[in-house]
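The values are calculated or read from the model by the stated rules, or taken from the named source; none is laboratory data. These numbers were taken from a predicted model, which means no experiment stands behind them. Every residue, glycine among them, receives a Cβ derived from its backbone with ideal geometry; neighbour counts consider all protein chains shown. Accessible surface areas use protein heavy atoms only, side chains included; no ligands, DNA or RNA. Shrake-Rupley method; radii C 1.70, N 1.55, O 1.52, S 1.80 Å.
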Amino acid sequence: ISTRIQMLEINADTKTKDNVFVGIKVAVQYQVNGDSQSIQDAMYKLTNPRAQIESYVLDVVRSSVPKIDLDNVFLEKEEIAASIKEMLGETMGRFGYSILATPVTDIEPNMEVKRAMNEINKAKRLREAARDEGEAIKIRSIKEAEAEAARTEIQAKADAEAKFMQGQGIARQRQAIVSGLRDSVNCFKADVAGVDSKQGMDLLLV
């Protein structure tokens, strides 16, 4: 009887709650306790410890996994491993064995299910990519509309400023004409006796 740590890999085929066949791989690490009583129990009470461990693992896996949907099997593998360790610890402890760890190392759905899952994941990624592209197009459209609105606003301000400047130029031009006419009338009145402002203006506009 060796007291070194040993490992046993067990493959358990079972079915999930949603009727998907899966293979569950469990790696059991165990050893015989170092005290004399445990060594004696391991030697004389149990003839095939590996077969005994395997039977208990299969029992736990096949009683727990059928209660869980496939997606949750991946999420709850730690709970499955803990259940296996608890069951083995209680039963194998009576034969002088300690169960050190029972990790679930692999969960393998059948090939058709794996193919379907891959297609679902592919479709999901394509949908996400299309959604991201749609968001990018939406953002670009908004930015382009904002830029166009800004350009329109700038152009409108420029046009308004130009019209304002043009109006000021015309007003100054008219003011200059009126001032020139006024000076001409005044000069005409000063040079020609007996002519009033209205007569002088009439003569200038003929």
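Residues in region 1-146 average 64 Å² of solvent-accessible surface per residue, probe 1.4 Å, ligands and nucleic acids excluded. Put simply, the convex hull of the Cα atoms in region 1-143 casts, on average, a shadow of 11.7 nm².
Separation of region 79-121 from region 125-153 is 49 Å, based on Cα centroids.
Here the gap between GLU112 and ILE137, fully extended at 0.36 nm per residue and compared with their Cα-Cα distance, gives a gain of 5.3 nm.
Roughly speaking, to the nearest percent, how much of region 14-105's 1.4 Å accessible area is carbon and sulfur?
Numbers: 2320 of 4830 Å².
It is 48 percent, rounded to a whole number.
In plain terms, the chain from ARG172 to LYS15 could stretch by 46.9 nm, reckoned as 0.36 nm per residue minus the Cα-Cα distance. Between ALA162 and SER36, the distance separating the two model label sites (each 7 Å from Cα on the Cα→Cβ line) works out to 11.2 nm.
For region 1-115, what is the relative contact order in percent, using Cα pairs closer than 8 Å and at least 6 residues apart in sequence? Write out the running numbers ahead of the final one.
Values: 197 pairs, mean separation 43.7, N = 115.
Result for region 1-115 is 38 percent.
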